[in-house]
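Reviewing the structure listed below.
The values are calculated or read from the model by the stated rules, or taken from the named source; none is laboratory data. Bear in mind the structure is a predicted one, so any value in this text is a computation, not a measurement. Please note: Cβ atoms are built from the backbone with ideal geometry, for glycine as well, and neighbour counts cover all protein chains shown.
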């Protein structure tokens, strides 16, 4: 078997003293997780020998690679030992005495981790049962709370960290030009897709990618080619405080980190003031996708850190207007650059904006997205049940996706009697095939930025019906924008889809209008162009 470490950039910061026999038996994903854990511990303890006991399990357990648990030489009964391995940081003499023991748990296979994680406690358990059994009622209450929080947030300024009065030249740096990226996790998602794209762009500009993530995950995408020859460290929390500054210091001493690009990474956001103080020549930017009214989300974190940051990249006019008009950021500090071409090649072949549904054919309505609370697949299933009762065989449905609510989606599918009319498709099937079959894409989300699936649907000649959230109004026709609240959404969606089914001519006319709206949005500045120029400047 090919050594799974042949294409990993982690070997730039650590060396294995003697490669064990079991090493080649790791999957590429497990090998990359192990690399990340070894890189972290060797950087946290340069000059010391790290002896790692490596675990795995078949159960639904997340990896433990950098947190306090790695310092304890005991583990749960369902873990089994893969083997032991010794390593030390590159650029230091091979330690001849003493060893530091760590335990690196690679967790379970990605399939076992696709489940809803619940915080501990009876309140959360009851909340989960209510949400699972009465998701629409739960959502009604959730949206009422969202409305209150949205009004409150719009009326209150977000506090900011103090500006940095920089007087020093900063600490020492390495010679290899690099970018430090902060990611949420290495999984499927729109923000993650953009983050992966920027990593490839950095490499193309001659910059070495260093990637940290901070969200618990099995990181199924860590073995993708875009992470070849990148240093990837998936953090697991809580990280010992003394290790955080040491790892960051080691990264800056070993690499000439020209810039930090944050993609939805709370841990790295919160360390930007320290980076600004210690390494003032490093440019700090982020990419923002969506306003999250209930929690504030990454937009609030970005606003808090804005005084130490150089630039905010936003993907929608809504975000630009919120940061500039509502929160008072200087317009020149906020760059609008869209992701309209991230999944669609504007120079490529696009389906004609005309309905291909023949007389007598059923109208195909699709849902494409992660099975999460945000995407609300349960609303789509209830919409399908309503339309099935009203239109019979004149309409069919496809639900394409996977995620933490997958078991609930399957249970709802059976409970609502949709086996004969709603086809469930997983991520092992191409989205393009679903969009080729669809006449209408329904986006039932309770929050978005601008969905990439809107652009993909338009490229396939599919009409988009969406809840009126985020900046969806930038690409969806006004008559096809629906209320966010669940019950009004269901009523409006039912009426809209019935009218589209009964009037194919109107549907064809709306497709032409939609194409014009999407084209106008695509004429805005592009995120690829903005980022390419940024990285070329960092590399010069």
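Quick notes on this structure:
- Matching entry among 490, 534, 482 (being touching a residue at least 24 places away in the same chain (Cβ under 8 Å) and either over 24 Å from residue 335 (Cα atoms) or surrounded by fewer than 16 Cβ atoms within 10 Å (Cβ to Cβ) (or both)): 490
Listed here are the residues, each with its yes/no results for (1) in a helix (DSSP H, G or I); (2) in contact with a strand residue (DSSP E or B) (Cβ under 8 Å, 6 or more places away or on another chain); (3) free of Cβ contacts under 8 Å to residues at least 60 places away in the same chain; (4) under 21 Å from residue 329 (Cα atoms).
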| site | (1), (2), (3), (4) |
| --- | --- |
| 238 | no, no, no, no |
| 243 | yes, no, no, no |
| 250 | yes, yes, no, no |
| 253 | yes, no, no, no |
| 260 | no, yes, no, yes |
| 267 | yes, yes, no, no |
| 298 | yes, yes, yes, yes |
| 303 | yes, no, no, yes |
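- The requirement of being without any contact (Cβ under 8 Å) to a residue 40 or more places away in the chain and over 23 Å from residue 498 (Cα atoms) is not satisfied by residue 459.
Rundown of residues vs (1) crowded, with 21+ Cβ neighbours inside 10 Å; (2) in the same structural domain as residue 482 (by TED's automatic domain parsing); (3) modelled with pLDDT of 95 or more; (4) within 18 Å of residue 138 (Cβ to Cβ), yes/no style:
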residue	(1), (2), (3), (4)
368	yes, yes, yes, no
371	yes, yes, no, yes
396	yes, yes, yes, no
402	no, yes, no, no
405	yes, yes, no, yes
410	no, yes, no, no
415	no, yes, no, yes
422	yes, yes, yes, no
427	no, yes, no, no
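- Residue among 224, 215 that is within 16 Å of the chain's Cα centre (by Cα) and either surrounded by fewer than 18 Cβ atoms within 10 Å (Cβ to Cβ) or not assigned by TED's automatic domain parsing to the domain that holds residue 183 (or both): 224
- Residue 290 vs. criteria in contact (Cβ under 8 Å) with a residue 40 or more places away in the chain, more than 18 Å from the chain's Cα centre (by Cα) and assigned by TED's automatic domain parsing to the domain that holds residue 199: no
- Filtered residues of the range 269-291 (kept if in a helix (DSSP H, G or I) and in contact with a strand residue (DSSP E or B) (Cβ under 8 Å, 6 or more places away or on another chain)): 269, 272, 275, 276
- Enumeration of residues in the range 466-486 that are part of a helix (DSSP H, G or I), at pLDDT below 95 and farther than 18 Å from residue 340 by Cβ: 486
- Subset of the range 529-540 (residues that are at pLDDT 95 or above and out of contact with any helix residue (DSSP H, G or I) (no Cβ under 7 Å at 6 or more places or on another chain)): 529, 530, 533, 534, 536, 537, 538, 539
- Within the range 419-465, being over 19 Å from residue 338 (Cβ atoms) and in a helix (DSSP H, G or I) holds for 431, 432, 433, 434, 435, 436, 437.
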